[in-house]
Amino acid sequence: MTKNVLITGGSRGIGLGIAKELARMGHNLAINGMRSPERVDDVIQDLKRLGAEVVYCQGDVSSAEDRKMILETVLNVYGRLDVLVNNAGVGPATRVDLLETTEQSYNRVMGINLQGPFFLTQTVANHIVENKLVNGEVEACIINISSMSATHASINRGEYCLSKAGMSMMTKLFATRLGEYQIPVYEVRPGIIETDMTSGVLEKYQKLVDEGLTVEPRLGRPEDVGRAVSALIKGDFPYATGQIVMVDGGLTIPRL
C-alpha cells in the first residue's frame with residue numbers, strides 16, 4: 001500500500017538513505033531539510049527517478065512556525081500524512097569537554113534533536129488519530145531515528161547524547177499514548193554510519209572497526225538504516241510498538 005511519508009532531514013545522510021529505500025517501494029515522499037529548494041533539486045529529481053512522488057518542505061524542525069509550514073505543505077500536496085520519520089538531527093558545532101559545554105550549544109542541539117521532533121510528533125499524532133477515527137483501515141506509524149549515543153556516553157558531545165536518550169523515552173511515551181489507536185511508534189538506533197555528520201571522525205572509527213569494534217567488520221551505510229525503516233513502514237512488525245531496532249553491526253553486543 002502506498003503511504004504518504006514525511007522524512008525530516010531527508011535530503012542527505014541517513015535521511016536520504018531512508019528516502020531512497022522508500023522511493024523504491026513507491027511511497028509518496030515529503031522531504032524536509034534546511035537547504036533552499038534550488039540546492040536540493042538534484043536530490044529530489046533522483047528520488048523521483050526511483051519511482052516516487054516527492055515534495056520538498058524547507059524548514060527548521062526546532063521552529064514552531066516552520067513545523068506548521070512543513071505540515072501545511074505535506075497536506076496541501078497529499079491530503080493526509082501516514083508516516084512520520086523523525087530523522088533530522090545535528091551534533092554540536094564544536095565538540096568540547098562536558099565541563100565546557102555551553103548553553104548555546106545545548107539549546108541548539110536539544111531544540112533540533114528533541115524539542116522539535118517532540119512537538120512535530122504531537123501534531124502529526126493528532127492528525128493520524130483523526131484519520132483513524134474516520135477510517136480505521138488507515139495504516140500509519142511513527143519512526144524515530146535515534147543513535148547508539150542514547151546509551152553510550154561521549155563526554156565531548158554530551159548534549160547530543162542527552163538528546164538521543166530523550167528521543168528514546170519519547171518513543172516509549174508516544175507508543176504508550178497511541179496504542180489504543182493501533183498506531184505503532186518505533187525507534188531505529190543506528191551505530192556508526194558513514195555520513196557527512198561523521199566524516200570528521202570516520203578515520204578514527206574505521207580504525208576501531210578494523211580492530212574489532214563491531215561484529216560485522218565494516219562501517220554502516222545510510223541504506224542499512226533505510227532498509228530497517230522500510231520494513232517497519234511495510235507493517236511487518238505490528239505488535240512491536242515502542243521497541244528499538246538496532247542497526248549497529250553488532251557494536252552493542254556485550255562480548256568477552
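A short reminder: the numbers here are calculations on the coordinates, not readings from a lab. Not measured: the values here are computed from a predicted model. With ideal geometry, Cβ positions are generated from the backbone for all residues, glycine too; neighbour counts draw on all protein chains shown.
Okay, here's what the table says:
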{"read-out": "The lone exception for VAL209 - which of (1) among the hydrophobic types (A, V, I, L, M, F, W, C); (2) closer than 25 Å to MET25 by Cβ; (3) free of Cβ contacts under 8 Å to residues at least 60 places away in the same chain it fails", "value": "(2)"}
{"read-out": "Unique match (being under 14 Å from the mean Cα position of the chain (by Cα), under 20 Å from ILE142 (Cβ atoms) and surrounded by 20 or more Cβ atoms within 10 Å (Cβ to Cβ)) among ALA23, ALA30", "value": "ALA30"}
{"read-out": "Helices (runs of 4 or more DSSP H) (entirely within region 16-124) containing at least 2 residues that are at positive phi and out of contact with any strand residue (DSSP E or B) (no Cβ under 7 Å at 6 or more places or on another chain)", "value": "none"}
{"read-out": "Identity of the residue in region 36-63, in contact with a helix residue (DSSP H, G or I) (Cβ under 9 Å, 6 or more places away or on another chain) and among the basic types (Lys, Arg), that ends up surrounded by the fewest Cβ atoms within 10 Å (Cβ to Cβ)", "value": "ARG49"}
{"read-out": "Top-ranked residue of region 221-241 - restricted to ones that are out of contact with any Leu (no Cβ under 9 Å at 6 or more places or on another chain) and among the small types (Gly, Ala, Ser), ranked as surrounded by the fewest Cβ atoms within 10 Å (Cβ to Cβ)", "value": "GLY235"}
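Residues checked against (1) in contact (Cβ under 8 Å) with a residue 12 or more places away in the chain; (2) over 15 Å from the mean Cα position of the chain (by Cα):
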residue: GLY116; (1), (2): yes, no
residue: PHE119; (1), (2): yes, no
residue: ALA125; (1), (2): yes, yes
residue: VAL134; (1), (2): no, yes
residue: VAL138; (1), (2): yes, yes
residue: ASN144; (1), (2): yes, no
residue: MET148; (1), (2): yes, no
